[in-house]
Amino acid sequence: MDKSVDLVEKVEKSKTYLGFWIYIMTDCVLFASLFAVYAVLHHNTNGGPSGQSLFSMPYALAETLILLTSSFTSGLSMIAARNNHRSKVIFWLVVTFLLGSTFLYLELHEFNHLVQTGDSWRVSGFLSSYFTLVGTHGLHIFVGLLWMTILTLVVMKRGLTKGSVKGLTLLNIFWHFLDVIWIFIFSVVYLMGHVGL
Amino acid sequence: MYIFAGILGLLNIDAFKHDLIQYFGVAAMTLTAGFVVLALTYFKKWKWLFSEWLTSLDPKRIGVMYIAVAVLMLVKAGTDAGMMRLQQSISVGSNQGFLKPSHYQQVFSAHGTTMIFFAAMGLMFGLINIGVPLLIGSRDVAFPFLNSVSFWLFVAGMLLLNTSLAIGDFSGAGWLAYPPLSELQFSPSTGVDYWIWSLQIAGIGSLLSGINFIVTIIKNRTKGMSLMKMPMFVWSVFGSMTLVIFAFPILTVTITLLYLDRLLGMHFFTGAGGGNPMMYVNLIWAWGHPEVYILILPAFGIFSEIVATFSRKRLFGYTSMVWAIWAIVLLSFTVWLHHFFTMGSGADVNGFFGIMTMIIAIPTGVKIFNWLFTMFRGRIKFASPMIWFMGFIILFSIGGVAGVLLAVPPADFQLNNSLFLVAHFHSMIVSGVLFGYFAGLTYWFPKIYGFSLKDEIGKYAAYFWIVGFIVAFVPLYILGIMGATRRMNHYSSNLGFQSLFIVAGIGVLIIGAGLFIQVIQVASSIRDRKKLQDKTGDPWNGRTLEWSVSSPAPSYNFAILPVVKERDQFWNEKQNQSHKSHNKFKDFYMPKNSYLGLVIAFFAFSLGFAAVWHILWLFIFGLVGVIAVIIIRSLNENRELLVTFNDLSKADQLAIRNEQ
């Protein structure tokens, strides 16, 4: 067994690991509340557009595929860390960062488009809840990207230490969690919106 | 419409214009703060305060600071209560009382908000910080720095709430700020924003504490302490913190959405634009009802420890107590609709929530009977914690039965929003929560300070509180049935309310006397602290691990971590029924002090203040500051200090030498 595998296993037994999982559960409750709000309000279009007329399926699907791929590459950085490949860790983190930023760009682009065409959050309860639910996910992605940047610098400077491997493990949980949330957003907001449910 | 306008946002000279009573409040606050600053400078205590307290990561010290802040807030919100009672005693017929309606509604909103979030929650987290690590045989909580951040966020929220007294106004929309009243259209001032952001900041602190204590209880228990050997207080905190992590994210979301409505013109809870005000009421109570149990469960836990200790018997029905806690945890998420049966969700839905509400009384009843059976045939010592307990068990049961009555939807349709309801929940919060925390404070005081409080005076305080409570709140039950609604600042003289309101006002004075006696108790005990010194470390003949160490407990709690074989380990060791196993002393690590919690709170306060007044640059400053501090802390890997034999207290060194 080499050193990094030990480090990962140590992280998985640590208090921080458990604490972070519990934090993820609280974030889950946060998103559950936002989904509930969306479920209540998504028919309240107030004479404005509905999801059926606004959402483009190919666009949402592209976003989904990019985010899912970034989850995969972030998993690869974890495998690289277990094998103690520092340069591979950095490589996959950078790839994940690029995919994540692309996703965020696409999301902001969509928001901008909606606002420009007059379909902002002021129009209806439906659009308020749409912007807030998807925007909260986007905000989480932004925090993840910030974290990823700092972590990459730390790995470059300090190598795969106890601290950086811990950071990497937690970041991976966070990133996969955001992926799961996005799958719910894709299903509930875009797919169900597309068929008009 | 301006979202972020100008260098000072919405802030202008009008924000500093108040009526005479508010100026008086501001002056009192400023003078108190000035006096404290002066005293600290005169006695050259700043360095001591900073290095021993403000930057401390010792949960016991953080606990004491929580309690100090909470007591201040208790007095402040108690003054609000006194003002309300005075207003209602005189504001009848042609007399309009001394508070304008616009001020009166701020007073009752501030009273509720302060009492729940900053008095009750503060006392609770204070006692949890003091109690939990000691009771599970641990040297610390799982995340000492996070604990300090939680505390300082609590302080930042408290400061923001009190800033509203001096700059601008406070929310007049009640302690839960129901829309549409709390929407921009009907509450155009920044009062509701103060409410939102002080809760938001303190709430995030509470959430972090919830995570911290769950991990502490799961991971930091000493060797041999399996879950079913934990003291009941620890179980109750476990239940309460589980509620925190499920409930507080809902609060975060709900008040954020309200803020988005007000700031960006969204339509979550507005009457027009496709919003749904009743959704707010549902969401806020999905947090709010568990919140009530978050507060009461630790009080139940404290009473469980106290009753066993002062009856000199093991707690009756330990297992059923544990199951009762978890039944309450689960059921508390299934009853929220009983706060608004009048929403009109139909007989079936109301019936379900009514029945669930009645069911939750069963585990609570189990606990009541278990305490009574613990006392049965015990050798009861009537120290002041026991007096609090006996006041609690009677008043809480009466209030609880009133709650079951309110759970019947047809009855609730009559009593909803009346003073009957106000009397009911004060029975829960004052005689349940507050009495429990007062008992806990008396009980653990010697463990923290090394000397006991004078018990005789403590008993008088308890008697005054109990009698005062009855005089203050029984009239409210009657008034409620007579049709008096809550939050009235004026009523017609032919309703016949006035005499009962005057009686209730007298009750508040008696409670005030009780509080004053408590201040006397503490002051007089500090004066005679040499005489009251706790030399044994075990003043009450206790049962749990905290009494096995010296008083005051050293910063590291246990020089040698104890080994637990059964419940009430320490008691059984004293009875020679169980042998203490002698571990060897090993060096250990303790966290270094950190001032970063304080810094985070400074930035969080700036952020909150900026959000209230729409000051863009200050908002960015606060946000970037918080993020920067988190990054700086996470990059610092040198956070701990080695503790060797020479660093131990003299008592511990002696004990270890004697054993070897």
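A short reminder: the numbers here are calculations on the coordinates, not readings from a lab. Since the model is a prediction, treat every value here as computed from it, not as a measurement. Note that we place each Cβ from the backbone using ideal geometry, even for glycine, and neighbour counts take in every protein chain shown.
Here are some notes:
- Span-like helix criteria (full DSSP H runs; alpha carbon extent of at least 20 Å along the helix axis; mean Kyte-Doolittle hydropathy of at least 0.0) are satisfied in chain A by A:15-41, A:57-82, A:86-116, A:125-158, A:162-185.
- Here the calculated FRET efficiency for B:Trp326 and B:Ile359, from their Cβ-Cβ distance with R0 = 22 Å, stands at 0.95, rounded to the nearest 0.05.
- Coordinate range along principal axes, alpha carbons of the range A:1-70, Å, largest first: 62, 27, 9
- Using only alpha-carbon positions in the range B:501-656, the gyration tensor eigenvalues give semi-axes of 40, 33, 15 Å once each is multiplied by 5 and square-rooted (largest first).
- The P(r) of chain B has a tail past 45 Å containing 18 percent of all C-alpha pairs.
- Here the simple spin-label model places points 7 Å from the Cα toward Cβ, and for B:Phe382 and B:Leu181 these points are separated by 4.4 nm.
- What the pair-distance distribution of the range A:35-88 shows, using all Cα-Cα distances binned every 10 Å from zero, is 19, 24, 25, 16, 13, 3 percent.
- Filter on A:Lys15/A:Lys88; B:Lys592/B:Lys650; A:Lys13/A:Lys88; B:Lys44/B:Lys76 - keep pairs with C-alpha separation over 23 Å: A:Lys15/A:Lys88; A:Lys13/A:Lys88; B:Lys44/B:Lys76
- Cα gyration tensor of the range B:548-609 - equivalent ellipsoid semi-axes, whole Å, descending: 40, 15, 10
- Shape category assigned to the range B:476-515 from the gyration tensor of Cα positions, a/c cut at 1.5: prolate
- Per-residue mean of foreign Cβ neighbours for A:36-42 is 4 (Cβ atoms of other chains, 10 Å radius).
- Kirkwood-Stokes translational diffusion coefficient of the range A:137-197, alpha-carbon pairs, 10 °C, 1.306 mPa s, µm²/s: 121
- Kirkwood Rh, angstrom, the range B:199-261 [1 / mean 1/r, Cα pairs]: 12.9
- Cβ-Cβ FRET estimate between B:Thr644 and B:Leu49, R0 fixed at 41 Å, reported to 0.05: 0.90
- Furthest towards positive pole of dipole, B:Met121, B:Ala28, B:Leu86, structure part the range B:1-145, Cβ charges: B:Ala28
- The P(r) of the range B:140-254 has a tail past 16 Å containing 66 percent of all C-alpha pairs.
- Whole-percent pair-distance distribution, where bins are 10 Å wide, for the alpha carbons of the protein assembly as shown: 2, 11, 21, 25, 21, 13, 5, 1, 0
- Equivalent-ellipsoid semi-axes of the range B:179-218, from the Cα gyration tensor, Å, largest first: 33, 9, 4
- Chain A: Cα Rg divided by the 2.2 N^0.38 Å rule of thumb: 1.14
- Calculated FRET efficiency for the pair A:Lys157/B:Lys574, C-beta based, R₀ 51 Å, to 0.05: 0.40
- Note on the range B:136-196: Kirkwood hydrodynamic radius from all Cα pairs is 13.7 Å, rounded to one decimal.
- Average silhouette area of the range A:36-137, convex hull of alpha-carbon atoms, in square nanometres: 7.3
- Global form of the range B:288-395, assessed from the alpha-carbon gyration tensor, a/c cut-off 1.5: prolate
- Sequence-distant residues sharing a close amide H with B:Phe588 (under 5 Å, placed H): B:Val643
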